[in-house]
Amino acid sequence: MEAPVPISRSPSPWLFRYATLVALATLGLVCIGGLVTSKGVGMAVPDWPTSFGYGMFALPLSMWMTGGVFHEHTHRVWASGVGLLVVFLTRWTAGHASRKPLAWVGLIEVLGGLGLMGVNPLWKGEAHFLLGIGGVVLAAAAVGFRNAPAPVLSVRLAWAAFALVQLQGSLGGLRVVLDSWAIGGTTGGVVFGMIHGCLGQVFLVLVACLALSLSRWYPTWGRERSEVPGARWVFLGTALVFGQLLLGLWMRHQHAGLAIPDLPLAYGQWWPRTDAESLLRYASRREGVDVITALQVHMHMLHRINAVLALCSIVLAFRASRAHSRGHPLRRLGTAWLHLVTVQFGLGLLTVLTDRAADIATAHVAVGSLTLVAGCWFCWSVGAHRVHRRGPVTDIVSPSLPHTVPVR
Amino acid sequence: MNHTLKIAASVAVLAASSAMAGQISGKIKLNGEAPPAKEITPIKGDKFCGALHTKPVMTRTYVVGADKGLANVAVYIKAGLPAGKTYSAPASKPLVDQVGCVYEPLVTAAMVGQTVDIKNSDPFMHNVNCQAKVNKGFNFAQTTQGQVNPRVFDKAELAVKLICNVHPWMAGYVHVFDHPFFAVSDKDGNFTISGDLPDGKYTVEANHIKAGVVSGEVEVKGGKATVNLELAVK
């Protein structure tokens, strides 16, 4: 008979620290990805998963350090690192019982890679990608440490992150490989680039929520029987921030960031005209030769209006959070959220005023991501309070669960 | 006797071809004051590209020469060619070079099926990302100095954009035509379209990457014609 593995009701503080490291590494990845788009260097390395025919980790330093290759290849290597961290985070969070599913997934990926190589030698790169991630997953499955799983919610989040990180890596590859494909009036590069960017934000939120669920504070959040004032502003604010990120994403990939170069008016009007003559006049103010479309102008205006709405919602959520006692997590979160959105608003203005300087535009993406994370945490904690007001907390660790289960 | 016949035949062919050859020349002028060129500052900031220049590298959106002549304008016959006639691609190979982290020339013209040589003259890598809308796009790396990659465009398309993502300020344009009657204006805005162009009336169009398009009518008589066109600053 094998030794029982204890169910962990309070995860190891080291697991929380490791999850925090993964979340920070993901934030770093979002920043580098943002820089790649800001600088327009996404296609500096024309092939994937190889780089100029070299393996991911075998690119000569002299090539890596050349112009936009530095940003694009660093993004790839960093993403591989995050993938590695997430696979082992899954193994750690889901405990000893995760070995079997991990082994199956790893095996399928390795066999898939070998199969690809057998079907068509030209798919060697894609095959190596599958062999690489499959190998990492198998390595995680091989870790024999008999650790207990974290609470159910954390385990589910970890498996979701495990799936998403692999999907996200593949989308990043498709963005390169299908760059010139025509898809619905645009190109594969734009379509997959936008999906990749959106999923990157979702992945960051997921990993940040996983880290929060593993923290020592999270279980206490829903315990205080307090009113939750302003919850609707929290949900509305978060939805608006997410919408704002989607609008921003579209603008970045459709080069609409400077469709309107002045503030606070737009070409001296509250809502700029978009007839052919006006659009030509706007384009003539640009140094470059690219045209400005009516859609770019309208999306830019929507981004501005949505920014004001999001700011107002977050200010109201902040005001409501002041009703909590000093030191209460929701009060702190409300303050942090307000600070973030204020900085974000300023960065948005600076992005326009600096002619979309790459570092400012990237900081705008990074702080936007943090604003979304804070909003999601806020929604989650407000939701936990609302659940708690209706009855006992059941989503963290069910008291009815046995303290030990046998490991097969 | 046989030798004499051959010479006579050659002379006859030459005479016939010169009678068929036509030429449209002229000048493209810019109406209005072009905005001043700006320095491409990222070149200075790049340690490899910056090392290749001793003077600031300026943008070339409007290159205006003597008497307001506008350079880098593609000039071509838009209408008037015999319907249904097909033309074979010239054997010459236009060169698109990357020198000092800029495309040289900025604007090139080629015919469908004609080979365009894309070269990297810099001692470090570039990638050539073709953002064609009608033709098939491509993206390849040129990692060594002197590397030449020939490419052929199989459909007519104006201003096919070539960019380098390693150095994202780099852009060049290739105009692709389904006939050989085209030219690119020189630094003073002068151009000459020549070839197997019969006498007749034609519409000539001029296309500039920023100033847009303007066209004019011209009649080729005795194998020659002149047309001057004017583009407004936009």
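Put in line by how crowded their Cβ is, counting other Cβ atoms within 10 Å and starting with the fewest, B:Tyr62, A:Tyr54 read A:Tyr54, B:Tyr62. Neighbouring Cβ atoms from other chains, within 10 Å of the Cβ of residues in B:125-134, number 4 on average. The value for chain B of Rg(Cα) / (2.2 N^0.38 Å) is 1.15. Once all Cα-Cα distances of the protein assembly as shown are split into 10 Å bins that start at 0, what whole-number percent is in each one? Final binned percentages: 3, 13, 20, 21, 17, 12, 7, 4, 2, 1, 0, 0. Pairs exceeding a 20 Å alpha-carbon distance, out of B:Lys44/B:Lys119; B:Lys155/B:Lys234; B:Lys29/B:Lys234; B:Lys155/B:Lys221: B:Lys44/B:Lys119; B:Lys155/B:Lys234; B:Lys155/B:Lys221.
Dipole of the protein assembly as shown computed with +1 at Lys/Arg Cβ and -1 at Asp/Glu Cβ about the Cα centre; of A:Thr50, A:Gly230, B:Trp169, farthest Cα towards the positive end is A:Gly230. Put in order of Cβ neighbour count within 10 Å, fewest first, the listed residues B:Tyr87, B:Tyr76 become B:Tyr87, B:Tyr76. Each Lys or Arg adds one and each Asp or Glu subtracts one; over the other residues with Cβ under 15 Å from the Cβ of A:Gly193, this totals +2.
Only Cα sites of the range A:177-266 enter the Debye sum here, all with the same form factor; the resulting log10 I(q)/I(0) across q = 0.14, 0.15, 0.18, 0.22 1/Å is -0.77, -0.83, -0.98, -1.17, listed in q order. Computed from Cα atoms, the angle from the helix B:2-20 axis to the main principal axis of chain B rounds to 60 degrees. Its alpha carbons give the range A:231-390 an Rg and a Dmax of 17.9, 60 Å. Note on B:Lys85: aspartates and glutamates with a C-alpha under 14 Å away, same-chain residues under 8 apart excluded, are B:Asp178, B:Asp196. Residue by residue along B:162-173, Cβ atoms of other protein chains within 10 Å of the local Cβ number 5 on average.
Taken together, the values in this text are just the output of simple stated rules run on the coordinates, not laboratory data. Here the structure is a predicted model, which is why all the values come from computation and not from measurement. Because the Cβ atoms are built from the backbone with ideal geometry, glycine has one as well, and the counts that use them run over all protein chains shown.
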